[in-house]
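Quick notes on the structure that follows.
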Amino acid sequence: MKKKLVVLTGAGISAESGIKTFRDSDGLWEGHNVLDVATPEGWRKNPALVLDFYNQRRKQLKEVQPNLGHQILAELETDFEVYIITQNVDDLHERAGSSNVLHLHGELLKVRSTKNSDYILDWQEDLNFGDFDENNNQLRPHIVWFGEEVPALDQAITITKSADYFAVIGTSLQVYPAAGLIDFAARETPIFYIDPKPIKIPNLRNPLEVIPEVASKGIAFLREKLLQNL
């Protein structure tokens with residue numbers, strides 16, 4: 001029976017594919033204040049700006065490819081039962097071949113109704129005013145904006161609790177509730193933390209190995225470490 005590897009990924013792994021994030025430059029995301037493009041207030045204030053912003057992100061996503069880090073995580077399914085919990089809204093894990101991917105903060109290639117959060121559609125092209133659900137309600141990006149609930153959180157907690165190994169890759173561990181997932185790993189579960197600028201994790205009761213590398217290099221190291229334990 002395969003051991004279960006649960007991986008929490010953040011902006012750092014997608015950055016190596018060329019996707020910029022607000023982590024890079026003082027709260028700006030592609031030149032925009034995140035409060036203007038990633039909050040319900042921003043949507044109410046200027047929905048045209050928000051629609052255009054995510055249309056541009058959707059176009060950008062089509063121009064990039066999964067990197068070595070994504071690929072290694074997919075390949076690890078040969079030897080482990082791998083679950084990816086990602087804060088990223090791109091589809092690079094899926095394109096690399098990962099089978100079990102849970103998106104905490106939504107998905108760029110989906111949209112949903114402004115009135116019915118369960119009405120979700122796959123969406124590859126631009127989203128415009130006049131794109132409605134079946135009841136003529138405007139569609140919006142299927143993104144969990146700052147200040148909104150994280151619907152997938154309970155599922156993520158359940159997955160984390162069952163991990164034999166838990167890895168944190170390319171995330172600053174500053175965005176909650178995602179950052180709090182680490183506290184739900186069982187006490188004996190080894191935790192691997194991969195980030196070029198790792199922070200100190202207070203009150204962690206688990207065995208911890210910090211790997212201060214970019215995602216792809218750190219994941220390659222992690223693979224060798226885990227395979228040695230088989």
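Within the stretch 95-105, does at least one residue satisfy the condition of being among the basic types (K, R), touching a Gly at 6+ places or on another chain (Cβ under 9 Å) and modelled with pLDDT of 95 or more? Give the derivation first.
Filtering the stretch 95-105 down to residues among the basic types (K, R) leaves 95.
Cutting the leftovers down to touching a Gly at 6+ places or on another chain (Cβ under 9 Å) gives us none.
Checked against the condition, which is being among the basic types (K, R), touching a Gly at 6+ places or on another chain (Cβ under 9 Å) and modelled with pLDDT of 95 or more, the stretch 95-105 yields no hits at all.
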>> F129 - would you say it is within 21 Å of V34 (Cα to Cα), open to solvent by 30 Å² or more (accessible area, probe 1.4 Å) and either assigned to a loop (DSSP other than H, G, I, E, B) or of a type in the set (D, E, K, R) (or both)?
In response: no
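Taking the residues in the stretch 221-230 that are open to solvent by 50 Å² or more (accessible area, probe 1.4 Å) and in contact with a Lys or Arg (Cβ under 9 Å, 6 or more places away or on another chain) as candidates, determine which candidate is modelled with the highest pLDDT. First the steps, then the outcome.
Looking only at the stretch 221-230, we keep the residues that are open to solvent by 50 Å² or more (accessible area, probe 1.4 Å), and these are 221, 223-225, 227-230.
Filter once more, so that each one left must be in contact with a Lys or Arg (Cβ under 9 Å, 6 or more places away or on another chain): 229-230.
Values: N229: 82, L230: 75.
Filtering first and then ranking leaves N229.
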> Which residues, counting only those in the stretch 196-220, are touching a residue at least 60 places away in the same chain (Cβ under 8 Å) and open to solvent by 50 Å² or more (accessible area, probe 1.4 Å)?
Replying inline: P196, V214
>> Among the numbered criteria (1) out of contact with any strand residue (DSSP E or B) (no Cβ under 6 Å at 6 or more places or on another chain); (2) at pLDDT 95 or above, which one does R112 miss?
In response: (1)
>> Just to be sure I understand, how many residues within the stretch 137-169 are open to solvent by less than 30 Å² (accessible area, probe 1.4 Å), among the aromatic types (F, W, Y) and outside any strand (DSSP E or B)?
In response: 1
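Mind checking which helices (runs of 4 or more DSSP H) fall wholly inside the stretch 1-80 and carry at least 3 residues that are on the phi < 0 side of the Ramachandran plot and at pLDDT below 95? Don't jump to the end; show me each part of the working.
Numbers: elements: 11-15, 34-37, 40-45, 47-62, 68-75.
In the stretch 1-80, 11-15, 34-37, 47-62 are the helices (runs of 4 or more DSSP H) which contain 3 or more residues that are on the phi < 0 side of the Ramachandran plot and at pLDDT below 95.
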>> So, in the stretch 99-122, exactly how many residues are open to solvent by less than 60 Å² (accessible area, probe 1.4 Å), more than 13 Å from the chain's Cα centre (by Cα) and touching a residue at least 24 places away in the same chain (Cβ under 8 Å)?
In response: 6
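Among the residues of the stretch 172-179, are any open to solvent by less than 80 Å² (accessible area, probe 1.4 Å), within 17 Å of L73 (Cα to Cα), among the polar types (S, T, N, Q) and under 19 Å from the mean Cα position of the chain (by Cα)?
no
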> Restricting the search to the stretch 53-95, which residues are under 14 Å from K110 (Cβ atoms) and of a type in the set (A, V, I, L, M, F, W, C)?
Replying inline: L61, V89
>> Of everything in the stretch 53-89, what is within 25 Å of E125 (Cβ to Cβ) and surrounded by fewer than 15 Cβ atoms within 10 Å (Cβ to Cβ)? Give them in sequence order.
In response: Q56, K59, K62, E63, Q65
> Is it the case that D183 is in contact with a Leu (Cβ under 9 Å, 6 or more places away or on another chain), open to solvent by 30 Å² or more (accessible area, probe 1.4 Å) and within 15 Å of V82 (Cβ to Cβ)?
Replying inline: no
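The values are calculated or read from the model by the stated rules, or taken from the named source; none is laboratory data. Predicted, not measured: the structure shown is a model, and the values here were computed from it. Reconstructed Cβ throughout: ideal geometry from the backbone, glycine too, with neighbour counts over all protein chains shown. Just so you know, the surface numbers come from the protein's heavy atoms only, side chains and all, with ligands and any DNA or RNA stripped out. Shrake-Rupley method; radii C 1.70, N 1.55, O 1.52, S 1.80 Å.
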